1. How much length is gained if the chain between residue 270 and residue 149 is pulled fully straight, taking 0.36 nm per residue apart and subtracting their Cα-Cα distance, in nm to one decimal?
2. Using Cα pairs closer than 8 Å and at least 6 residues apart in sequence, work out the relative contact order for the range 58-209, in percent.
3. Could you tell me the relative contact order of the range 88-131? Use alpha-carbon pairs under 8 Å, at least six residues apart, and round to a whole percent.
4. To the nearest 10 degrees, how steeply does helix 129-143 sit against the main Cα axis of the chain, on a 0 to 90 scale?
5. Among 231, 4, which comes first, then next, by fewest other beta-carbon atoms within 10 Å?
6. I need 71, 9 ordered by Cβ neighbour count within 10 Å, fewest first.
7. Can you give the angle from 0 to 90° between the axis of helix 7-18 and the longest principal axis of the chain, with both taken from C-alpha atoms, to the nearest 10?
8. Fewest to most neighbouring Cβ within 10 Å: what's the order for 205, 29?
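Just so it is clear, none of the values below were taken in a lab; they were calculated from the coordinates. Given the structure is predicted, the values throughout are model-derived calculations rather than measurements. Note: ideal-geometry Cβ built from the backbone for every residue, glycine included; neighbour counts use all protein chains shown.
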């Protein structure tokens, strides 16, 4: 039994064991996806989705890849800031529905319109399909800002885990395209699927759903071609330069195989002159951002993310 996890997280680990849920690496893709969706629905019984002014479905349409999106409006106000959000799940599992409560909470806490992106995933659509969809959704948000009733000067990207990877890559692509992104908020992002950092040894087994074998499972489905492992669109820290990127917040879980690579990316951003803030949550494991109602740190992390974005947007109204 891990000794350094928070008691609230230990309860989740124990409950998972009681239910006999197998390791992700031993599951077929379809079964893993079904498990994630069932778990999200089960959590709604204890933590109902926060109500908002409006939630609607849309598509980015022609010229922007026809990417499905879900739009969350906390208030019926024009000129609001916006967050383009990418859900986690190793670029293989997860959905708009599995992260519906997270997206709602982000909108509620930040006061921003949240545009949650239903990007294509592996193994059916391996890299770089997810990257293409992520950036098409961001381009569409800028291009359609008037119709979306959002402020183009206050558009941010965010995502958790694989979604954090896509948010980081989208920030790089935005810089290259001359899109004035206001911020990037990365929640325990995947920076390099090859792993190899010391946190893989510390937290590689026994710390929840994302263990060392699960990372391999995701990589095989999202990045089946080894030639893509060194592509900066898969591993953003390999970009030629990180200078000139949007200000960043990096939220980390202490007991996570990804904690070292997330911290190193934050350090690299800061070294490149990018205003960067880092917060690590003691005793938390990968996925805690979605444990609303189960772990107190989940709501604290949402508050931290919202405060960061509000701070960035305060001078841009």
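1. Details: separation 121, 0.36 × 121 = 43.56 nm, distance 3.27 nm.
Fully extending the segment from residue 270 to residue 149 adds 40.3 nm.
2. Details: 273 pairs, mean separation 39.0, N = 152.
It comes to 26 percent, rounded to a whole number.
3. Values: 25 pairs, mean separation 17.1, N = 44.
It rounds to 39 percent for the range 88-131.
4. Computed tilt is about 30 degrees.
5. On the way: 231 17, 4 13.
So the residues, fewest neighbours to most, are 4, 231.
6. Working: 71 19, 9 25.
The fewest-first ordering by Cβ neighbours comes to 71, 9.
7. 60
8. Numbers: 205 12, 29 15.
Exposure proxy ranking, most exposed first: 205, 29.
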